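Written below as structure tokens is the structure these notes are about.
The values are calculated or read from the model by the stated rules, or taken from the named source; none is laboratory data. The structure displayed is predicted, hence computed values, not measured ones. In this analysis, Cβ positions are derived from the backbone assuming ideal geometry, glycine residues included, and neighbour counts consider all displayed protein chains.
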Amino acid sequence: MSQPATARLSIVEAAAQVLERGFVALPAVLDATERRVATSALDEVIARGEANEIPTFGYAIHPLLTRQRKIGSFYAHPLITAVCAAVFADEVRVTHSGARVTDRGHILDSSRIGWHNHAYTADLKSMPLDDPRRGQRPRRLLFGWYLDGTDGGNGALVVLPRRFDDRLAPAGPDCNSAWPGEVDVLLPPGSAVIFTTDLWHAAKQPIIGAPRRYLMGAHVQARSDTTPHPEDHVHAGPEVDAAIAETPALGALLA
């Protein structure tokens with residue numbers, strides 16, 4: 001099953017989709033100039049040797065904000081911040097920043113990046129039906145910028161939709177195969193996806209010889225929730241300071 005990009009949603013509608021399905025797709029948020037700024041910034045990090053190249057995965061850059069001052073505005077984008085704040089009913093903190101870049105030379109070792117989620121405590125992974133916390137809003141989200149979009153050529157994002165308060169489905173027998181109910185999220189370049197940390201998701205691999213593909217994103221958490229996560233980053237240093245000087249709104253998100 002595939003889900004193409006939908007028309008532009010209001011903040012309230014986008015937040016409602018996160019709560020109802022575990023994710024929302026925001027098509028074509030960035031224009032061509034913004035995409036060039038972002039991809040050039042990631043190319044610079046790679047050219048400086050600051051990305052971890054994994055031949056069967058691509059270039060991994062974590063944390064990203066400490067390595068590149070030019071991408072601060074993408075982490076403080078007002079639409080992303082507003083949707084996340086509406087889901088939380090709280091202010092937003094950026095707790096993790098990263099990117100993945102795949103190139104023609106990377107020999108990917110399976111048909112997809114396997115199914116996974118980012119739930120981080122055992123109780124959140126198997127919350128009982130009668131647990132009083134069911135019905136509360138998510139306290140942590142992820143967002144990703146799909147700078148080249150996501151389709152059959154460069155690798156579609158795949159999700160298993162679920163209400164935020166549904167019991168988390170157990171893993172299937174093969175995390176590299178199709179699961180019943182999965183949805184391909186098809187997006188044009190410059191799109192964003194926001195989803196809950198416990199949403200099962202995967203990604204189909206780009207076709208062999210596909211051009212360089214860029215994805216960058218973040219974890220964000222409700223301001224009032226101080227629960228640590230193993231993927232949290234410390235965002236500090238001259239690149240972060242320069243990014244905040246250029247995009248002051250970023251400073252409040254990292255505080």
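Checked against the criterion of being within 23 Å of Ala236 (Cα to Cα) and either touching a Phe, Trp or Tyr at 6+ places or on another chain (Cβ under 8 Å) or among the hydroxyl-bearing types (Ser, Thr, Tyr) (or both), the candidates Thr33, Thr81 yield just one match: Thr81.
Among Gly209, Gly155, Gly190, which is surrounded by fewer than 19 Cβ atoms within 10 Å (Cβ to Cβ) and either modelled with pLDDT of 90 or more or farther than 19 Å from Ala14 by Cα (or both)? Spell out how you get there, then give the answer.
Working: Gly155 fails: surrounded by fewer than 19 Cβ atoms within 10 Å (Cβ to Cβ); Gly190 fails: surrounded by fewer than 19 Cβ atoms within 10 Å (Cβ to Cβ).
The unique qualifying residue is Gly209.
For the stretch 168-175, the criterion of being closer than 30 Å to Pro78 by Cβ and either among the β-branched types (Val, Ile, Thr) or part of a loop (DSSP other than H, G, I, E, B) (or both) is met by none of the residues.
For the stretch 13-48, what are the residues that are within 30 Å of Gln136 (Cβ to Cβ), in contact (Cβ under 8 Å) with a residue 24 or more places away in the chain and of a type in the set (D, E, K, R)? Walk me through it before giving the result.
Of the stretch 13-48, the ones within 30 Å of Gln136 (Cβ to Cβ) are 13-27, 29.
With the extra rule that they be in contact (Cβ under 8 Å) with a residue 24 or more places away in the chain, the set shrinks to 14-15, 18-27, 29.
Of everything in the stretch 13-48, those that are within 30 Å of Gln136 (Cβ to Cβ), in contact (Cβ under 8 Å) with a residue 24 or more places away in the chain and of a type in the set (D, E, K, R) turn out to be Glu20, Arg21.
Is it true that Arg112 is within 22 Å of Pro206 (Cβ to Cβ) and among the basic types (Lys, Arg)? Before you say what the answer is, go through the steps one by one.
Values: within 22 Å of Pro206 (Cβ to Cβ): yes; among the basic types (Lys, Arg): yes.
Yes; evaluated as a whole, the condition is true for this residue.
Here's the yes/no breakdown for (1) touching a residue at least 24 places away in the same chain (Cβ under 8 Å); (2) assigned to a strand (DSSP E or B); (3) of a type in the set (Gly, Ala, Ser):
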position: Val185; (1), (2), (3): yes, yes, no
position: Pro189; (1), (2), (3): yes, no, no
position: Phe195; (1), (2), (3): yes, yes, no
position: Pro211; (1), (2), (3): yes, no, no
position: Leu215; (1), (2), (3): yes, yes, no
position: Val220; (1), (2), (3): yes, yes, no
position: Pro228; (1), (2), (3): no, no, no
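Ile54: surrounded by fewer than 17 Cβ atoms within 10 Å (Cβ to Cβ) and over 20 Å from Pro138 (Cα atoms), yes or no? Yes, satisfied. Among the conditions (1) surrounded by fewer than 13 Cβ atoms within 10 Å (Cβ to Cβ); (2) farther than 23 Å from Leu42 by Cβ; (3) modelled with pLDDT under 85, the only one that Asp165 does not satisfy is (1). In this entry, Arg48 is excluded by the filter for residues that are in contact with a Pro (Cβ under 7 Å, 6 or more places away or on another chain) and of a type outside the set (A, V, I, L, M). So Ala41 clears everything in (1) surrounded by 18 or more Cβ atoms within 10 Å (Cβ to Cβ); (2) within 22 Å of His201 (Cβ to Cβ); (3) out of contact with any Gly (no Cβ under 7 Å at 6 or more places or on another chain) except one condition, right? Which one? With (1) surrounded by 18 or more Cβ atoms within 10 Å (Cβ to Cβ); (2) within 22 Å of His201 (Cβ to Cβ); (3) out of contact with any Gly (no Cβ under 7 Å at 6 or more places or on another chain) applied to Ala41, the lone miss is (2). Where strands (runs of 3 or more DSSP E) fall wholly inside the stretch 1-119, the ranges with 3 or more residues that are aliphatic (A, V, I, L, M) are 23-26, 92-102.
Which one of Thr227, Thr196 is modelled with pLDDT under 95, in contact with a Ser or Thr (Cβ under 9 Å, 6 or more places away or on another chain) and of a type in the set (S, T, N, Q)? Walk me through it before giving the result.
Working: Thr196 fails: in contact with a Ser or Thr (Cβ under 9 Å, 6 or more places away or on another chain).
Sole residue among the options that is modelled with pLDDT under 95, in contact with a Ser or Thr (Cβ under 9 Å, 6 or more places away or on another chain) and of a type in the set (S, T, N, Q): Thr227.
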